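The values are calculated or read from the model by the stated rules, or taken from the named source; none is laboratory data. All values reported here derive from a predicted model rather than from experimental measurement. Glycine gets a Cβ as well: all are built from the backbone with ideal geometry, and neighbour counts include every protein chain shown. With ligands, DNA and RNA removed, areas are computed over all heavy atoms of the protein, side chains included. Shrake-Rupley method; radii C 1.70, N 1.55, O 1.52, S 1.80 Å.
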Amino acid sequence: MIVKVCENYAEMSRMAAEAIAVEMEKKKNFVLGLATGSTPVGTYGNLIEMNKQGRLDFSEVKTFNLDEYCGLYPSHDQSFNYFMYIKLFNYINIKNENVHVPFGMAADYDSWCKGYEDAIAKAGGLDLQLLGMGSNGHIGFNEPSDEFSDITHTVQLTESTIKDNSRFFECADDVPKSAVTMGIGTIMRARKIVMGENGANKAKGVKAMLEGPVTPRMPASYLQNHADVSVFLDKDAASLL
Ligand code: GLP
């Protein structure tokens, strides 16, 4: 695992984008796993810039997002699907049919989740997964739990995640209580993982992820078992290491 402490959020975002770009330049039909949350917004800004400047071409790239709230249509302004369009997809030359975001309104989630796993496999597997981490250590929406979750599945969100994410909604009651997420196994099968973390509220989680035991109670700790992970931290997120 490579851990790089950056001067600030801007440098963290630049370095995460650079790590992604270097991989994307090796392969035209790259399969890119994407994340939501406030952390990757700066990384997306850098990728948009690289696309504009002609360095990165998304025309043959396929993307798969980590997760989505259950109960929100893709057009809902708090859905992760909507987020991805306003933060990235609207500004790059990606084909709409190559974009995959979990569907939060499935009639049968079990078969929908299986189909998502099949689509990732059919695309050749994830070349790279971009990750953030919830303040409780979740990756995607894999909440701290007693069991390792392998494939894409639905999950009940914890009170702490609902509270964290209520900043994007009018009130905590409006935050969906469940979500569909890639499993820890789906994430771990990505050939490369890039993670960015910033802010003092992530410091405890970052320490547990990098220095604590590998346990489903701290989902991000599984990254210690992955062969190719690059973690970019700002000084605040790295302050307890
Ligand atoms: C959500 C997403 C996670 C993301 C997390 C952190 O809960 N499901 O994938 O990592 O938010 O968000 P932020 O980057 O805003 O701290």
Original post:
Do we find a residue being closer than 15 Å to Y222 by Cβ and within 10 Å of the ligand (Cβ to nearest atom) anywhere in region 155-169?
Top reply: no
Original post:
If only one of I162, I187, I193 is of a type in the set (A, V, I, L, M), farther than 28 Å from Y73 by Cα and not in a loop (DSSP other than H, G, I, E, B), which one is it?
Top reply: I193
**OP:** Return the only residue of A190, A203 being more than 25 Å from K163 (Cα to Cα) and within 15 Å of the ligand (Cβ to nearest atom).
**Re:** A190
**OP:** Scan region 58-72 for residues that are part of a loop (DSSP other than H, G, I, E, B) and away from the ligand (no atom under 16 Å from the Cβ) and report the count.
**Re:** 4
Subject >> Residues that are within 29 Å of A121 (Cα to Cα), touching a residue at least 12 places away in the same chain (Cβ under 8 Å) and of a type in the set (D, E, K, R), drawn from region 3-34 >> reply: E18, E23, E25, K27, K28
**OP:** Filter region 1-57 for residues that are part of a loop (DSSP other than H, G, I, E, B) and under 21 Å from H138 (Cα atoms) and give the result.
**Re:** M1, A35, T36, G37, S38, T39, P40
**OP:** May I ask you to list the residues in region 137-158 that are within 22 Å of G212 (Cβ to Cβ) and open to solvent by 60 Å² or more (accessible area, probe 1.4 Å)?
**Re:** D146, E147, F148, D150
Original post:
When region 42-72 is examined, which residues are found to be in contact with a His (Cβ under 8 Å, 6 or more places away or on another chain) and open to solvent by 10 Å² or more (accessible area, probe 1.4 Å)?
Top reply: K62
Original post:
Taking region 73-102, which residues are in contact (Cβ under 8 Å) with a residue 40 or more places away in the chain, assigned to a loop (DSSP other than H, G, I, E, B) and surrounded by fewer than 19 Cβ atoms within 10 Å (Cβ to Cβ)?
Top reply: Q78, I92, N93
**OP:** Determine if region 5-12 includes at least one residue that is in contact with a Cys (Cβ under 8 Å, 6 or more places away or on another chain) and surrounded by 16 or more Cβ atoms within 10 Å (Cβ to Cβ).
**Re:** yes
Subject >> Considering residues of region 206-223 that are hydrophobic (A, V, I, L, M, F, W, C) and in contact (Cβ under 8 Å) with a residue 60 or more places away in the chain only, the residue nearest to the ligand (Cβ to nearest atom) >> reply: A220
